[in-house]
Amino acid sequence: MAYAEEIRRRRTFAIVSHPDAGKTTLTEKLLLFGGAIHVAGAVKSNKIKKTATSDWMEIEKQRGISVATSVMAFDYAGHKINILDTPGHQDFAEDTFRTLTAVDSVIIVIDAAKGVEAQTRKLMEVCRMRKTPVIVFVNKLDRDGKDPFDLLDEVEEELQIKVRPLSWPIDMGQRFKGVYNIYEKKLDLYTPSKQYVTESVGFKDVNSPELEKHTGAPLAVKLREDLELIEGVYPAFDVDTYLKGDIAPVFFGSALNNFGVKELLDCFIRIAPSPRPVQALERIVDPEEENFTGFIFKIHANMDPNHRSCIAFVKICSGKFERNANYRHVRFDKMMRFGSPTAFMAQKKEVVDEAFAGDIIGLPDTGNFSIGDTLTAGENLHFKGLPSFSPEMFNYIENADPMKAKQLNKGVEQLMDEGVAQLFTNRFNGRKIIGTVGQLQFEVIQYRLLHEYGAQCKWEPLSLYKACWIESGDAEALENFKKRKAQYMAWDKEGRDVYLADSSYVLTMAQQDFPAIKFHFTSEF
Ligand code: G4P
C-alpha cells in the first residue's frame, strides 16, 4: 500500500508522571531535539497549579494552554513523532487515562529522589491493562536520589513490571559524572555547569583502561561492578518482550540538563511500536488497512463562552484521513464531512489535507461527538477500549434555578459527553449523581454550567466509596442482588447497572454474600 511507509514511521506516545517528576521538561527537550522549538521554556506546563483552585481565570487560561499542547508532533530521524500531552493535575486523571487509549506506547518519568509515586502507580495500572509498552526514564540524576538498584526494585515491585536498565548512571547529585549507555555501548560524560553532554565516547569494552581516564579509577571500578551485576540480575533486553508490555527498559538522566534525553529518544524511535492494531467490537483493525477508521478519545471545550464549539480529538486507527471526504459517524449512522481538520505541529495548530493511522487530528465540533465515538469510511464498527474508572468522589447534582432546568440537563449531558465527569442515575429515587476523580472537577462543572449554559447547580454531598459495574452469568442472582441493594443501584450514562458501595466494608460483604456477581471498578471488562 502506498502509505504503509507513512504509517510505519509514526510513533504515537504519551509521557506520564506524577506531578513534578519532570514530564513537561522532558517533553520540551524532546521537542528541542526534533527542532520543533528552538528555545527552552517554550512549552508551557499543562499542569494546573495547586494554587489555582480558587483562581478561575487561571484554570481557564491553563485549560486553554492545554489545547495547544494536547498533541505535539515533529519529525526526527525520518520518524514522525506524536507526543500526546496529559494533564498533570490528578483531578483530571480520567483525561489522562483516556489519552492512554490513543497511544501506542508510553514513557513514564520518575523522580530519582521520590521514586514511584501514587499517580505513577495508577497510570501504570492502565498501561498494564492495555498491555501498552512502557519505557521508564529516571529523572533528576543531577540531584541526590535513591540508589539506582533500589529504584529498579521499587519500580518492579510498585509498578508490577519487569525492568531492564539500558543506561546506567555514574554517581549522582553533585558528583554525577554521566551515564553509560548500555544499549549503544557509549559513555556520555556530563559537566554540571555546561548542562549538556560534554563528551560522548564509544566503548566496545568497559574493561578497557580508557574508562579510568574518563571517570577516574573508583568510579570506573564501580561502573564495571554495576554493569556486571546488571548482566547477572536482569534478563538481556528483548524488543518483543517490551512490545508485549512485559518488560520496561529503563533510562537514567536529567531532563532539565538535557542529559540522557537524546539516548532515550534514539532508542525510543528504534524500539517503540509504530501504530498497533486496534480492537473494535466487531474485529481487529489493522493500521495499514486501506480505509480510514478512528475514534474520539478527548473533547476539548472552547473557552470562548460565545461560541460553544469544541475540538474533538480523533485517533486515526487505520488508513488515511482526507479533508472533505465523507465519513460515517457510526453512533448517529450519518455521513459527515470535515472541512477544517487540524493537526498539531509542535505548538501550532493548522488545517491539514490528510493524516495517517497513528496521527491525532482535531475536528471542530458543535456537540455531535461523545467520547468513544467511532468514525469510519462506511463500515459499521465500534472501537472498544475507552474504559470508565470508578470515580473517587460523588455528589448529587441539584438544580438551583428552576427556570433553567432544560439548560442544566443539556449542559450536564454535554459535559458528560466531553468526559468531564461521570453521571449516574439512582434507580431508587431517580436523582442524578456526578462522580469525579477530584474536587476540582465539581468546581469546573459548576463554573462551566453557569458560563456556557446559563444554568446553576448545587451539590449535595454523597458519601460513597466506589461505583462498581456489576454483571453475572446467573440472571436470577443478578436480579436478586439488584432487589436487595435497590437503594444503592444506579444506571451509568449507557444504562449499565452500577452498584454504589458506600464503604469498602460493605463492598467486601457484598462480594462475600453474592459470589455469583462480578464487581468491576472499570466499565470495560
Ligand atoms: P511535571 O510536568 O512532571 O509536573 O514536571 P516539570 O517538568 O514541570 O518539572 C517539575 C520541576 O522539576 C521543575 O522545577 C523542573 O525545572 C524540575 N526538573 C525537571 N527535570 C529536572 C532535572 O533533571 N533536574 C532537576 N534538578 N530538576 C528538574 P520547578 O522549580 O517546579 O519549576 P520551574 O520554575 O523550574 O519551571
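Against the definition (of a type in the set (Gly, Ala, Ser), within 15 Å of the ligand (Cβ to nearest atom), part of a loop (DSSP other than H, G, I, E, B) and assigned by TED's automatic domain parsing to the domain that holds Val261), how does Ala113 come out, yes or no? Explain how you work it out, then say what you get.
Working: of a type in the set (Gly, Ala, Ser): yes; within 15 Å of the ligand (Cβ to nearest atom): yes; part of a loop (DSSP other than H, G, I, E, B): yes; assigned by TED's automatic domain parsing to the domain that holds Val261: yes.
Taking the combined requirement at face value, the residue satisfies it.
Could you grab the pairs with beta carbons closer than 6 Å, sequence gap of 6+ or different chains, first residue in segment 263-284 and under 22 Å from Val330 (Cα atoms), second one among the β-branched types (Val, Ile, Thr)?
Pro277/Ile284; Val278/Val285
Any residue in segment 467-486 that is basic (Lys, Arg) sitting within a Cβ distance under 7 Å of a residue that is open to solvent by less than 40 Å² (accessible area, probe 1.4 Å)? List the pairs, counting only those 6 or more apart or interchain.
Lys482/Met489; Lys482/Asp497; Lys485/Tyr499
Among the residues of segment 483-499, which ones are out of contact with any Asp or Glu (no Cβ under 7 Å at 6 or more places or on another chain) and open to solvent by less than 70 Å² (accessible area, probe 1.4 Å)?
Within segment 483-499, Lys485, Ala486, Ala490, Asp492, Gly495, Asp497, Tyr499 qualify.
Give me the pairs: first residue in segment 15-34 and among the aliphatic types (A, V, I, L, M), second residue within 8 Å of the ligand (Cβ to nearest atom) and in a helix (DSSP H, G or I), beta-carbon distance under 9 Å, and six or more apart or on different chains, which are they?
Ile15/Lys23; Ile15/Thr24; Ile15/Leu26; Ile15/Thr27; Val16/Lys23
From the list Leu243, Leu256, exactly one residue is modelled with pLDDT of 85 or more, within 16 Å of the ligand (Cβ to nearest atom) and surrounded by fewer than 20 Cβ atoms within 10 Å (Cβ to Cβ). Which is it?
Going through Leu243, Leu256 in turn, just one is modelled with pLDDT of 85 or more, within 16 Å of the ligand (Cβ to nearest atom) and surrounded by fewer than 20 Cβ atoms within 10 Å (Cβ to Cβ): Leu256.
Can you find even one residue in segment 364-374 that is within 30 Å of Tyr76 (Cβ to Cβ) and not assigned by TED's automatic domain parsing to the domain that holds Cys317?
no
Applying the selection to segment 117-154, what residues are more than 14 Å from the ligand (Cβ to nearest atom) and farther than 24 Å from Ala102 by Cα?
Lys146, Asp147, Pro148, Phe149, Asp150, Leu151, Leu152, Asp153, Glu154, listed by residue number.
Can you name the condition, by its number, that Ala102 falls short on among (1) in a loop (DSSP other than H, G, I, E, B); (2) within 20 Å of Gly253 (Cβ to Cβ)?
(2)
Yes or no, residue by residue, for (1) open to solvent by 50 Å² or more (accessible area, probe 1.4 Å); (2) closer than 29 Å to Gly411 by Cα; (3) aromatic (Phe, Trp, Tyr); (4) within 16 Å of the ligand (Cβ to nearest atom):
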position: Glu231; (1), (2), (3), (4): yes, no, no, no
position: Glu282; (1), (2), (3), (4): yes, no, no, no
position: Phe295; (1), (2), (3), (4): no, yes, yes, no
position: Ile299; (1), (2), (3), (4): no, yes, no, no
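Could you grab me the full set of residues in segment 463-479 that are in contact with an Asp or Glu (Cβ under 9 Å, 6 or more places away or on another chain) and surrounded by fewer than 17 Cβ atoms within 10 Å (Cβ to Cβ)?
Correct list: Ser463, Tyr465, Glu471.
What's the total number of residues in segment 259-274 that are open to solvent by 10 Å² or more (accessible area, probe 1.4 Å) and assigned to a helix (DSSP H, G or I)?
Final tally of qualifying residues: 5.
Looking only at strands (runs of 3 or more DSSP E) that lie completely in segment 329-410, which have at least 1 residues being open to solvent by less than 20 Å² (accessible area, probe 1.4 Å)?
342-345, 354-356, 360-365, 374-376, 393-399
Can you tell me which of (1) farther than 18 Å from Thr27 by Cα; (2) modelled with pLDDT of 90 or more; (3) among the small types (Gly, Ala, Ser) is the one Ala112 doesn't meet?
(1)
Given the structure, is Val126 over 21 Å from Lys29 (Cα atoms), in contact with a strand residue (DSSP E or B) (Cβ under 9 Å, 6 or more places away or on another chain) and either at pLDDT below 90 or crowded, with 23+ Cβ neighbours inside 10 Å (or both)?
Yes.
Quick one: which residue in Lys47, Lys61 is part of a loop (DSSP other than H, G, I, E, B) and either farther than 30 Å from Lys244 by Cα or at pLDDT below 90 (or both)?
Lys47
Mind listing whichever residues of segment 414-429 are within 12 Å of Val444 (Cα to Cα) and either touching a Leu at 6+ places or on another chain (Cβ under 7 Å) or not in a helix (DSSP H, G or I) (or both)? I'd like the intermediate steps shown before the answer.
Narrowing segment 414-429 to residues within 12 Å of Val444 (Cα to Cα): 415, 420-421.
Scanning segment 414-429 gives Val420, Ala421.
Quick one: in segment 72-97, which of the residues that are more than 16 Å from the ligand (Cβ to nearest atom) and under 14 Å from the mean Cα position of the chain (by Cα) is modelled with the highest pLDDT? First the steps, then the outcome.
Residues of segment 72-97 more than 16 Å from the ligand (Cβ to nearest atom): 73-82, 94, 97.
Still in the list and also under 14 Å from the mean Cα position of the chain (by Cα): 82, 94, 97.
Values: Asn82: 93, Glu94: 75, Phe97: 81.
My answer is Asn82.
Determine whether Val250 is touching a strand residue (DSSP E or B) at 6+ places or on another chain (Cβ under 9 Å), open to solvent by less than 10 Å² (accessible area, probe 1.4 Å) and in a strand (DSSP E or B).
Judged against the criteria, Val250 is a match.
The values are calculated or read from the model by the stated rules, or taken from the named source; none is laboratory data. Bear in mind that the values here come from a model prediction, so they are computed numbers and not experimental data. With ideal geometry, Cβ positions are generated from the backbone for all residues, glycine too; neighbour counts draw on all protein chains shown. Ligands, DNA and RNA are stripped out before the accessible areas are found, and what is left, the full protein with its side chains, is counted by its heavy atoms. Shrake-Rupley method; radii C 1.70, N 1.55, O 1.52, S 1.80 Å.
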